[in-house]
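Reviewing the structure listed below.
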Amino acid sequence: MVLPYYVSPEQIMQDKAEYAKKGIAKGRSIIAMEYSSGILLVADNPSALNKISEIYDNIAFAGAGRYSEFENLRKAGIRHADLKGYLYSREDVTARSLANAYSQSLGTSFSQDVKPLEVEILVVGLGEQDHPNEIYRITFDGSIYDEKGFTVIGGRSEALIIFLKEHYKGASGVTEVLKLSIEALGGATNQAINANGLEVAALDRTRQGRKFKRFIPEEISELIKKSGES
Amino acid sequence: MCAFPLEDQTSSFSEYLSSHYPHLLQVQKSGIPPLQFLKAEPTLSESFERPPLIPRGTTVLALRHGDGAIIAGDRMATEGFQVSARRIEKVYKADEYSAIAIAGAAGPCIELARLFQTELEHYEKLEGAKLSTDGKANKLGQMVKANLAMAVQGLIVIPIFVSYDLKRQEGRIFKYDITGGRYEETEYYATGSGGKDARNTMKKSYKRDMTEDEAVALALEALYDASEEDVATAGPDLIRGIYPTIKMVTRQGIQDVDEQRIKQVYNIIIERRRVA
């Protein structure tokens with residue numbers, strides 16, 4: 001009989017973390033950045049499958065890593081938000097509560113499942129009436145980071161964060177913020193990025209009701225053109 | 001323990017509720033005892049003897065015109081022969097291109113409207129695409145059917161659904177029965193206690209390809225007639241400033257008809273009918 005050999009918990013966790021990080025590092029990046037009237041989400045994503053999504057009136061989601069896994073998380077988030085809004089009221093659905101639920105789910109999955117989820121997600125909440133915007137970055141192990149100004153998830157996120165730390169000058173207009181995001185994404189991949197290779201969405205305070213807006217390629221091109229002129 | 005159940009596949013919010021939180025839906029799987037006192041039309045003596053009546057919404061209607069459709073309702077809810085509420089809202093936005101108006105037991109009606117709104121938004125967010133007009137109409141039918149057990153007890157919920165169909169480029173009207181039966185109307189429809197009276201008015205003056213203004217005027221006239229013939233339907237309340245509500249769906253989406261505009265139309269109707 002062969003005895004099952006002992007592996008220390010530290011080793012198991014380390015291996016899992018390494019596995020998850022590797023999976024995430026393979027993917028492309030997504031940037032969330034505050035602008036004067038909201039938060040812009042820009043993903044380097046030429047495919048028709050979305051990485052950015054609306055969750056609720058003031059809340060958006062972005063996922064990097066393995067598509068099937070963050071897609072499941074996205075759906076679970078929409079269910080969480082819609083259930084809460086139906087049970088109580090629309091204003092009781094908050095980004096913080098959702099980010100917490102995600103953190104719980106990912107944390108549990110990381111410690112209990114054999115294969116950790118290879119995802120990194122963003123939950124952004126638009127602040128209204130003097131409330132600041134909320135940007136939560138949640139990693140594969142359930143760690144949650146409350147970010148200010150901007151953040152990046154997905155592969156090469158560290159390089160992008162270094163670039164943005166240098167160049168982000170506070171919340172300006174949407175065109176400037178988009179331009180900066182494209183520069184950052186292009187710099188990281190050493191490729192020129194055009195409108196068709198981008199997925200862009202925003203939570204915009206000037207909108208009525210549901211604040212989420214997805215930009216179609218024509219609108220993205222238009223914004224890029226404007227940013228070139230300014 | 002997972003904070004989210006991750007295994008769900010349905011894109012329907014009401015399906016999700018019924019499989020995970022069945023107590024939140026008003027569907028009663030087992031029969032509830034007959035609620036005599038909830039009868040739709042108690043006799044006069046019953047209404048005095050049996051106090052726990054529930055509020056009921058009365059007349060709602062919808063009407064197609066050249067650019068889309070409008071949907072309207074009066075503002076009164078009654079409990080037997082008593083006025084229960086003067087400012088109740090019976091017309092609800094369902095999504096950017098559709099609206100429902102509901103007649104029947106007010107509580108379940110409002111609940112159904114809220115559930116339907118959540119349903120459409122939920123589907124749109126999960127699937128990344130809006131439901132088709134027929135999809136919405138069918139889903140609403142299933143939700144009305146889910147209320148059947150309550151309906152046979154007297155808690156009837158009857159919606160009218162209007163939607164602007166972006167594919168066909170026209171407004172569409174759907175009516176329902178308590179079993180969830182879904183029927184499309186091509187011109188106009190009205191239901192509730194004053195529904196028949198409102199239908200009679202619309203029948204006389206309805207024209208295909210009316211303008212939106214004509215449609216609004218006809219809808220308000222129909223509600224006015226219903227309020228004259230049916231005691232449970234309210235006309236314009238000039239003293240308190242309460243008027244019926246109308247929403248319109250067109251290619252531009254859903255919009256409320258301004259109260260000022262409704263007021264003006266009523267002023268004309270009243271002047272025309274005033275006995276010199």
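The values are calculated or read from the model by the stated rules, or taken from the named source; none is laboratory data. Because the structure is predicted, anything quoted here is derived from the model rather than measured. Note that we place each Cβ from the backbone using ideal geometry, even for glycine, and neighbour counts take in every protein chain shown.
Structural remarks
- With respect to being without any contact (Cβ under 8 Å) to a residue 12 or more places away in the chain and part of a helix (DSSP H, G or I), A:Glu176 falls outside the description.
- Positions within the stretch B:99-136 being surrounded by fewer than 21 Cβ atoms within 10 Å (Cβ to Cβ) and away from every other protein chain (no Cβ under 14 Å), in sequence order: B:Gly107, B:Pro108, B:Leu131, B:Ser132, B:Asp134, B:Gly135
- Boolean, B:Arg56 is basic (Lys, Arg), buried (at least 23 other Cβ atoms within 10 Å of the Cβ) and in contact with a helix residue (DSSP H, G or I) (Cβ under 7 Å, 6 or more places away or on another chain): yes
- Within the option set B:Gly171, B:Gly107, B:Gly180, B:Gly73, being farther than 20 Å from B:Lys247 by Cβ and in contact with a Lys or Arg (Cβ under 6 Å, 6 or more places away or on another chain) holds for one residue only, B:Gly180.
Residue by residue, here is whether (1) surrounded by fewer than 22 Cβ atoms within 10 Å (Cβ to Cβ); (2) polar (S, T, N, Q) holds:
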| position | (1), (2) |
| --- | --- |
| A:Glu120 | no, no |
| A:Gln129 | yes, yes |
| A:Ile135 | no, no |
| A:Asp141 | yes, no |
| A:Lys148 | yes, no |
| A:Ile153 | no, no |
| A:Phe163 | yes, no |
| A:Thr175 | yes, yes |
| A:Ala184 | no, no |
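- Among (1) in a helix (DSSP H, G or I); (2) away from chain B (no Cβ under 14 Å); (3) among the hydroxyl-bearing types (Ser, Thr, Tyr), the one test that A:Tyr5 misses: (1)
- The stretch A:59-97, subset under 25 Å from B:Glu111 (Cα atoms) and among the aliphatic types (A, V, I, L, M), residue surrounded by the fewest Cβ atoms within 10 Å (Cβ to Cβ): A:Leu87
- With respect to the conditions (1) crowded, with 18+ Cβ neighbours inside 10 Å; (2) at pLDDT 95 or above, A:Asn100 falls short on a single one, namely (1).
- Failed item in (1) part of a loop (DSSP other than H, G, I, E, B); (2) more than 13 Å from chain A (Cβ to nearest Cβ); (3) at pLDDT 55 or above; (4) crowded, with 16+ Cβ neighbours inside 10 Å, with B:Glu41 passing the rest: (4)
- Evaluating B:Asp209 against the criteria (1) of a type in the set (Asp, Glu); (2) modelled with pLDDT under 95; (3) closer than 25 Å to B:Ala77 by Cβ leaves one unmet condition, (3).
- The single condition among (1) surrounded by 19 or more Cβ atoms within 10 Å (Cβ to Cβ); (2) modelled with pLDDT of 95 or more that A:Asp44 does not satisfy is (2).
- Per the listing B:Asp225, B:Asp165, the residue uniquely more than 14 Å from chain A (Cβ to nearest Cβ), in contact (Cβ under 8 Å) with a residue 24 or more places away in the chain, acidic (Asp, Glu) and over 30 Å from A:Ile216 (Cα atoms) is B:Asp225.
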